[in-house]
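What follows is a set of notes on a single structure, which appears directly below.
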Amino acid sequence: MTACVCSLFIMRRDETKLIQEIVSDIQKKLSHELSLSFEEEGLVGMESRVEDIESLLSFGSTGVLIVGIWGMGGIGKSTTADFVYRRNRSKFEGHCCFRNVREESRKHGVDHVRQKILGDVLEKKDMTIRTIVLPPDTKRMLQRKKVLIVLDDVNDPQDLKYLLGDDGLFGQGSRIMVTSRDRQVLINACDEDKIYEVKILDEDDALRLFSLHAFKQDRPIEGYAGLSKTVVSCVMGIPLVLEVLGSSLYKKTGVEYWGSKVAQLRTNGGEEVEKCLELCYQELRDTEKKIFLDIACFFGRCKRDHLQQTLDLEERSGIDRLIDMCLIKIVQNKIWMHDVLVKLGKKIVHQENVDPRERSRLWQADDIYRVLTTQVAFPSYLIDCCLTFLFIAKRCSLGQE
């Protein structure tokens, strides 16, 4: 009898200790998530983004939901998804935020990515899956778990389909966020009304973010307000670029230095911007690159119909691809490309060759005149290029009336 009482006492003591550990763990998680602050993390203009995405995720509803987060490189997709993830992961039985799916798949293969994700979700870091089809016991474990997963920077719809697995793979109430620069990748995985477009910051938020990095305060210091606004206006309100530019100007208090930076940005759009945007350009297929450069060099603010007339039928889908990649927009049936992207496109063409005769496109009057009047023989396609330019300029001027 005494032995039974002692045994019962020990069991209750162990249960009490276990309950205390569970309560302590929950308190730590809740304390961490409640302490997340937009301001302390230097996140500007994020509140509305986070609220909108959390609304799309519908945490209180059943079923499995996939939400796409779409936007150009450097605009804050990953940062937004990560914040939502950290703020809500304690509501789930398993969770994983996998960054750089595209790069990791390229380096190690998509099987490696899947294994890492499932290992994190099931809390089995050393698990090994050697087959394309998941083992039955792994499937059962996943189907019983309510999970939160972030797949960051996905560019291949087939990879995404493979990582998401069959319908019903994850437990009821599970939520998956997928970030991508390519809207088409997301359309293949989730409902169109579950795709959130991350837009550039407005002028006030852009200036505030820039100031936090350039001056370590939320507004420009005295004497630099005008220069700061000019810098911000040159870089499209892209958070990554604002942060890099601001940091590069931190403690550079010479007005002359700032003036030279502004002049550089006005002249070429800024190297920091180009590094970010050129990533998007390099992902395009050859036909899409051709259309991008044609728009940059010739078709500014031109009607979409006029652009399509210069393309073969099979090339026209490239316009939609550029829209999906956030490189152009259609505004009232007119092509719209931001000035910074226009400058990037023209720089790419300029870098093809020092000699204008060896470039794929000519749009400056002086270059066209020099090529047409030179005594040296040059490729016949450049004559067509010049004539095309004149035709396009005329049609675009009519389209803008």
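The values are calculated or read from the model by the stated rules, or taken from the named source; none is laboratory data. These numbers were taken from a predicted model, which means no experiment stands behind them. Note that we place each Cβ from the backbone using ideal geometry, even for glycine, and neighbour counts take in every protein chain shown. Ligands, DNA and RNA are stripped out before the accessible areas are found, and what is left, the full protein with its side chains, is counted by its heavy atoms. Shrake-Rupley method; radii C 1.70, N 1.55, O 1.52, S 1.80 Å.
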Exercise for review: Determine whether segment 308-323 contains at least one residue that is over 28 Å from S180 (Cα atoms), open to solvent by 40 Å² or more (accessible area, probe 1.4 Å) and either in contact with a His (Cβ under 9 Å, 6 or more places away or on another chain) or not β-branched (V, I, T) (or both).
Suggested key: yes
Practice item. Can you run down the residue pairs with Cβ atoms below 6 Å, 6 or more apart or on separate chains, where the first is in segment 120-148 and free of Cβ contacts under 8 Å to residues at least 24 places away in the same chain and the partner is in a loop (DSSP other than H, G, I, E, B) and surrounded by 12 or more Cβ atoms within 10 Å (Cβ to Cβ)? Key: M141/L122
**Study point:** Looking only at segment 105-115, and only at residues there that are among the charged types (D, E, K, R) and farther than 21 Å from L65 by Cα, the one that is least open to solvent (accessible area, probe 1.4 Å)
**Key:** D111
Point to revise | Single residue of segment 215-231 satisfying the filter (among the hydrophobic types (A, V, I, L, M, F, W, C) and either touching a strand residue (DSSP E or B) at 6+ places or on another chain (Cβ under 6 Å) or modelled with pLDDT of 90 or more (or both)) that is farthest from L43 (Cα to Cα) | key: L227
Practice item. Would you please name the residue that is farthest from the chain's Cα centre (by Cα), looking only at residues in segment 213-232 that are touching a residue at least 24 places away in the same chain (Cβ under 8 Å) and surrounded by 20 or more Cβ atoms within 10 Å (Cβ to Cβ)? Key: A214
Check your understanding: What single numbered condition from (1) aliphatic (A, V, I, L, M); (2) open to solvent by less than 50 Å² (accessible area, probe 1.4 Å); (3) modelled with pLDDT of 85 or more fails to hold for V235?
Key -> (3)
**Study point:** Candidates V185, V198, V150 - the one that is among the β-branched types (V, I, T), in contact with a Leu (Cβ under 7 Å, 6 or more places away or on another chain) and under 18 Å from K77 (Cα atoms)
**Key:** V185
Review point. Going through segment 76-85 one residue at a time, which ones are assigned to a helix (DSSP H, G or I) and out of contact with any strand residue (DSSP E or B) (no Cβ under 8 Å at 6 or more places or on another chain)?
Key: T79, F83
Check your understanding: For segment 34-43, does any single residue satisfy the condition of being surrounded by 15 or more Cβ atoms within 10 Å (Cβ to Cβ) and out of contact with any Ser or Thr (no Cβ under 8 Å at 6 or more places or on another chain)?
Key -> no
Practice item. Select from segment 155-204 the residues that are under 23 Å from F83 (Cα atoms) and of a type in the set (K, R) and write down the one among them that is least open to solvent (accessible area, probe 1.4 Å). Key: R175
Check your understanding: Residues A296, A263: which one is in a helix (DSSP H, G or I) and more than 25 Å from the chain's Cα centre (by Cα)?
Key -> A263
Study note, to complete from the structure: Counting only residues that are within 27 Å of the chain's Cα centre (by Cα), closer than 28 Å to N155 by Cα and not in a helix (DSSP H, G or I), segment 301-324 contains a total of 1
Exercise for review: Can you run down the residue pairs with Cβ atoms below 7 Å, 6 or more apart or on separate chains, where the first is in segment 359-385 and open to solvent by less than 80 Å² (accessible area, probe 1.4 Å) and the partner is among the aromatic types (F, W, Y) and at pLDDT 85 or above?
Suggested key: W363/F298
Point to revise | Tally, over segment 325-358, of residues that are without any contact (Cβ under 8 Å) to a residue 60 or more places away in the chain, open to solvent by 80 Å² or more (accessible area, probe 1.4 Å) and outside any loop (DSSP other than H, G, I, E, B) | key: 3
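Residue-by-condition table, conditions (1) closer than 13 Å to S174 by Cβ; (2) at pLDDT 90 or above; (3) open to solvent by 60 Å² or more (accessible area, probe 1.4 Å); (4) under 21 Å from the mean Cα position of the chain (by Cα):
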| position | (1), (2), (3), (4) |
| --- | --- |
| F98 | no, yes, no, yes |
| E103 | no, no, yes, yes |
| D120 | no, yes, no, no |
| T128 | no, no, yes, no |
| I132 | no, no, yes, no |
| Q143 | yes, yes, yes, no |
Check your understanding: Tally time: how many residues in segment 184-207 are basic (K, R) and modelled with pLDDT of 95 or more?
Key -> 1
